[in-house]
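Data first, discussion second: the structure below is written as structure tokens.
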Amino acid sequence: MIPINQQLTIGENELAERFVHSRGPGGQNVNKVATTVQLKFDVDSSPSLPEEVKERLHRIASGRIDKNGVLMIRARRHRTLERNRREARERLVELIRRAAERQKPRKMRHGESRRAKQRRLTQKKIRGEKKQLRMDPAVEAE
């Protein structure tokens, strides 16, 4: 079992790993050793995840989930298979952990307070009176 948080764990049997040859420079081993890890996790048919976590995971990792609902993580940063495998699992756990967090509901704000509204209207009235005093009386008569 892979622990996600205190309530969630996913089973090892829910993960599918594939090891492929890495790209780029790597010395003599580059064409002989498969160190890149492709970790696949079927989000849609996972019995370990609640529906709301699956939905949030689809939103968070939409670019990594295919049309069948399978999340794929590719790890190839390290030179050894074990370190890449550990990194892929850590990234999967981190994604699921982020999806499992409930965001606080936004609080409604009811606009400005009565006191703020009164202050704004008073200032508006004062500005209007100032502008009235600036006007030329001859222009006003026409």
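Being of a type outside the set (Asp, Glu) and touching a strand residue (DSSP E or B) at 6+ places or on another chain (Cβ under 7 Å) is the requirement here; does Ala88 meet it?
On the way: of a type outside the set (Asp, Glu): yes; touching a strand residue (DSSP E or B) at 6+ places or on another chain (Cβ under 7 Å): yes.
It is true that Ala88 is of a type outside the set (Asp, Glu) and touching a strand residue (DSSP E or B) at 6+ places or on another chain (Cβ under 7 Å).
Quick check on region 34-41. Is at least one of its residues in a helix (DSSP H, G or I) and either surrounded by 14 or more Cβ atoms within 10 Å (Cβ to Cβ) or free of Cβ contacts under 8 Å to residues at least 12 places away in the same chain (or both)?
Going through region 34-41, the residues in a helix (DSSP H, G or I) turn out to be none.
No, the conditions are met nowhere in region 34-41.
Every test in (1) surrounded by fewer than 20 Cβ atoms within 10 Å (Cβ to Cβ); (2) at pLDDT below 90; (3) of a type outside the set (S, T, N, Q) is passed by Arg86 save one, and that test is (2). Scanning region 1-33 for residues that are exposed (fewer than 14 other Cβ atoms within 10 Å of the Cβ), of a type in the set (Gly, Ala, Ser) and modelled with pLDDT under 85 yields Gly24, Gly27. Taking residues in region 100-118 that are in contact (Cβ under 8 Å) with a residue 24 or more places away in the chain, and partners anywhere that are surrounded by fewer than 10 Cβ atoms within 10 Å (Cβ to Cβ) and in a helix (DSSP H, G or I), not one pair has Cβ atoms closer than 9 Å while being at least 6 places apart or on different chains. Of the helices (runs of 4 or more DSSP H) lying entirely inside region 81-142, those containing at least 1 residues that are within 30 Å of Leu39 (Cβ to Cβ) are 81-100. Residues in region 96-117 that are out of contact with any helix residue (DSSP H, G or I) (no Cβ under 6 Å at 6 or more places or on another chain) and not basic (Lys, Arg): Ile96, Glu101, Gln103, Pro105, Met108, His110, Gly111, Glu112, Ser113, Ala116.
Looking only at region 2-23, count how many residues are of a type outside the set (D, E, K, R), in a loop (DSSP other than H, G, I, E, B) and either within 19 Å of Ala100 (Cα to Cα) or in contact (Cβ under 8 Å) with a residue 40 or more places away in the chain (or both).
First pass over region 2-23, keeping only residues of a type outside the set (D, E, K, R): 2-11, 13, 15-16, 19-22.
If we keep only those that are in a loop (DSSP other than H, G, I, E, B) too, we end up with 4-8, 11, 21-22.
Pick out the ones that are also either within 19 Å of Ala100 (Cα to Cα) or in contact (Cβ under 8 Å) with a residue 40 or more places away in the chain (or both) and you get 4-8, 11, 22.
Of the residues in region 2-23, 7 are of a type outside the set (D, E, K, R), in a loop (DSSP other than H, G, I, E, B) and either within 19 Å of Ala100 (Cα to Cα) or in contact (Cβ under 8 Å) with a residue 40 or more places away in the chain (or both).
Inside region 70-81, residues that are surrounded by fewer than 17 Cβ atoms within 10 Å (Cβ to Cβ) and modelled with pLDDT under 90 make up a count of 4.
For region 54-65, the condition holds for at least one residue, the condition being that it is among the basic types (Lys, Arg), within 30 Å of Val37 (Cα to Cα) and surrounded by fewer than 13 Cβ atoms within 10 Å (Cβ to Cβ).
When each of Lys117, Lys130 is tested for being loosely packed, with under 10 Cβ neighbours inside 10 Å, more than 30 Å from Leu49 (Cβ to Cβ) and at pLDDT 90 or above, the lone residue that passes is Lys130.
The values are calculated or read from the model by the stated rules, or taken from the named source; none is laboratory data. None of these values were measured; they are calculated from a predicted model. Ideal geometry is used to build each Cβ from the backbone, glycine not excepted, and the neighbour counts take in all protein chains shown.
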